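Working notes, beginning with the structure itself.
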Amino acid sequence: MDAQSRMKVQASFGRCLTNEQFFDRFYEIFVASHPDIRPMFAKTDMSRQKGLLRHGLMSALMYAESDLMAKACIDRIRESHGRSRLNIRPELYQYWLAGIVKAVSECDPEFTPGLGRLWHEALLPAVERIQSGYRD
C-alpha cells in the first residue's frame, strides 16, 4: 500500500474516532455477523474491549507500514487469540474485517467504496499475521 493510500485510511480512522458510535456500531455489526461470535463476548467488559479495539486498529494500521512496535502488538494479539488461549478460529476474521469496513462506511462521512477497499487492504496484513498464530 502506498503512502497516499495509508494517509487516506488514517484520515478516515480519525474521522471515525470523532463519531462516538463507531466502536459500538462495529460490535453490533460484528456480533450479529456469525452465530459463534456473540457468545465470545458474553462476559466481556465492553468499555475495556473498545479501548483494546482502538489500540489494535492503530497497531494494525501501523503494522501495514512495517512499524516494529506495531508488529510486537500484533504478535501479542496473535498469541492471545491463538488456539491455546482465546481460540479464535481463522475463518472468523473475515467477519471482523467486514465489520470494521461496514462500521467505517456508516461513521465516516467521507466514505467511498474505494476507501473501503483501502481499509481492507490496510488491515489485511495484520489479520493474516494474527490468523497464522492459530496454525502454529
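The values are calculated or read from the model by the stated rules, or taken from the named source; none is laboratory data. Bear in mind the structure is a predicted one, so any value in this text is a computation, not a measurement. When we count neighbours, we look across all protein chains shown, and the Cβ atoms used for this are built from the backbone with ideal geometry, even at glycine.
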### Message
Pairs needed: first member in the range 108-136, among the hydroxyl-bearing types (Ser, Thr, Tyr); second member anywhere, surrounded by 16 or more Cβ atoms within 10 Å (Cβ to Cβ) and in a loop (DSSP other than H, G, I, E, B); C-beta distance under 8 Å; at least 6 residues apart or different chains.
### Response
Tyr134/His81; Tyr134/Gly82; Tyr134/Ile88
#### Entry: Members of the range 72-91 that are of a type in the set (Lys, Arg) and without any contact (Cβ under 8 Å) to a residue 40 or more places away in the chain
Arg76, Arg85
### Message
Which condition from (1) over 13 Å from Val127 (Cα atoms); (2) modelled with pLDDT under 95 is the one that Arg15 breaks?
### Response
(2)
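Condition check ((1) more than 23 Å from Phe22 (Cβ to Cβ); (2) at pLDDT 95 or above; (3) touching a Pro at 6+ places or on another chain (Cβ under 9 Å)) across all residues:
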residue: Asp67; (1), (2), (3): no, no, no
residue: Cys73; (1), (2), (3): no, yes, no
residue: Arg78; (1), (2), (3): yes, yes, no
residue: Ser84; (1), (2), (3): yes, no, no
residue: Pro90; (1), (2), (3): yes, yes, no
residue: Tyr95; (1), (2), (3): no, yes, no
residue: Val101; (1), (2), (3): no, yes, no
residue: Cys107; (1), (2), (3): no, yes, no
### Query
Which of the following residues is within 15 Å of the chain's Cα centre (by Cα) and of a type outside the set (Val, Ile, Thr): Ala42, Ala32, Ala60, Ala72?
Ala60
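So, in the range 24-47, how many residues would count as being among the hydrophobic types (A, V, I, L, M, F, W, C), without any contact (Cβ under 8 Å) to a residue 60 or more places away in the chain and within 17 Å of Gly99 (Cα to Cα)?
Qualifying residue count for the region: 6.
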### Query
Within the range 109-136, can you find the residues that are more than 17 Å from Ser66 (Cα to Cα) and at pLDDT 95 or above?
Pro109, Glu110, Phe111, Thr112, Pro113, Gly114, Leu115, Gly116, Arg117, Gln131
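Where in the range 22-108 are the helices (runs of 4 or more DSSP H), entirely inside, with at least 3 residues that are surrounded by 15 or more Cβ atoms within 10 Å (Cβ to Cβ), hydroxyl-bearing (Ser, Thr, Tyr) and touching a His at 6+ places or on another chain (Cβ under 9 Å)? Steps first, please.
Details: elements: 22-32, 46-63, 68-80, 93-107.
Hits in the range 22-108: none.
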